[in-house]
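S.K.: My questions all concern the structure below.
The values are calculated or read from the model by the stated rules, or taken from the named source; none is laboratory data. Since the model is a prediction, treat every value here as computed from it, not as a measurement. Glycine gets a Cβ as well: all are built from the backbone with ideal geometry, and neighbour counts include every protein chain shown. Just the protein is used for accessible areas: all its heavy atoms, side chains included, with ligands, DNA and RNA removed. Shrake-Rupley method; radii C 1.70, N 1.55, O 1.52, S 1.80 Å.
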Amino acid sequence: MTDTLPDHAVAAERFRRTLAVHASGVVIITAQSGGVPVGLTATSFSSVSLDPPLVSFYVDRSSTTWPRLGAAGHFAVNILASDQAELAARFARKGADRFAPPTRW
């Protein structure tokens with residue numbers, strides 16, 4: 001018998017390597033909620049567990065994005081490079097169309 005992962009599962013070694021290069025920094029959490037893309041900037045992102053693969057991020061209680069993001073079945077963590085400050089700022093702004101050009105969904 002071989003262990004197979006569902007299409008959406010993350011391989012443990014790849015997960016470990018990815019988080020090892022992200023000691024600290026800014027990420028953008030994105031998802032689809034009701035077919036509509038949602039996302040926000042998170043500066044408090046960290047690894048919790050390798051098995052199962054778990055991460056943690058914190059969201060302000062007043063976030064208007066969180067209810068839609070929290071309702072999504074899955075989410076993506078987009079790890080930003082040092083030259084993506086404007087993208088981080090776009091997803092941090094209240095009332096901004098975060099998925100307008102040049103951001104593509």
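S.K.: Could you check, for the range 9-22, whether at least one of its residues is at positive phi and either surrounded by 12 or more Cβ atoms within 10 Å (Cβ to Cβ) or modelled with pLDDT of 90 or more (or both)?
M.R.: No, the conditions are met nowhere in the range 9-22.
S.K.: Could you please find all residues in the range 75-92 being open to solvent by 90 Å² or more (accessible area, probe 1.4 Å) and modelled with pLDDT under 90? Before the answer, list the steps.
M.R.: Of all residues in the range 75-92, those open to solvent by 90 Å² or more (accessible area, probe 1.4 Å) come to 75, 82-83, 86.
Correct list: SER82, ASP83.
S.K.: Residue pairs, Cβ under 6 Å, 6 or more apart or interchain, first in the range 78-91 and without any contact (Cβ under 8 Å) to a residue 60 or more places away in the chain and under 22 Å from PHE15 (Cα atoms), second surrounded by 15 or more Cβ atoms within 10 Å (Cβ to Cβ) and of a type in the set (Gly, Ala, Ser). List them.
M.R.: Final answer for the pair search is LEU80/ALA88.
S.K.: For the range 47-105, which positions are of a type in the set (Gly, Ala, Ser) and assigned to a loop (DSSP other than H, G, I, E, B)?
M.R.: Within the range 47-105, SER62, SER63, ALA72, GLY73, ALA81, SER82, GLY95, ALA96, ALA100 meet the criteria.
S.K.: Here's another thing I want to ask about it. Any residue in the range 27-38 that's outside any strand (DSSP E or B): show its pairings with residues that are open to solvent by 10 Å² or more (accessible area, probe 1.4 Å) and of a type in the set (A, V, I, L, M, F, W, C) at Cβ separation under 9 Å, as long as the two are six or more apart or on different chains.
M.R.: From residues that are outside any strand (DSSP E or B), the pairs are GLY34/ALA71; GLY34/ALA72.
S.K.: Same structure, new question: Could you list, in sequence order, the residues of the range 47-72 that are farther than 21 Å from ALA89 by Cβ and either surrounded by 13 or more Cβ atoms within 10 Å (Cβ to Cβ) or β-branched (Val, Ile, Thr) (or both)?
M.R.: Passing the criteria: SER47, VAL48, LEU50, PRO53, VAL55, GLY70, ALA72.
S.K.: It is to be established whether one or more residues within the range 24-40 are surrounded by 10 or more Cβ atoms within 10 Å (Cβ to Cβ), more than 23 Å from ARG104 (Cβ to Cβ) and modelled with pLDDT under 90.
M.R.: Scanning the range 24-40 turns up no residue that is surrounded by 10 or more Cβ atoms within 10 Å (Cβ to Cβ), more than 23 Å from ARG104 (Cβ to Cβ) and modelled with pLDDT under 90.
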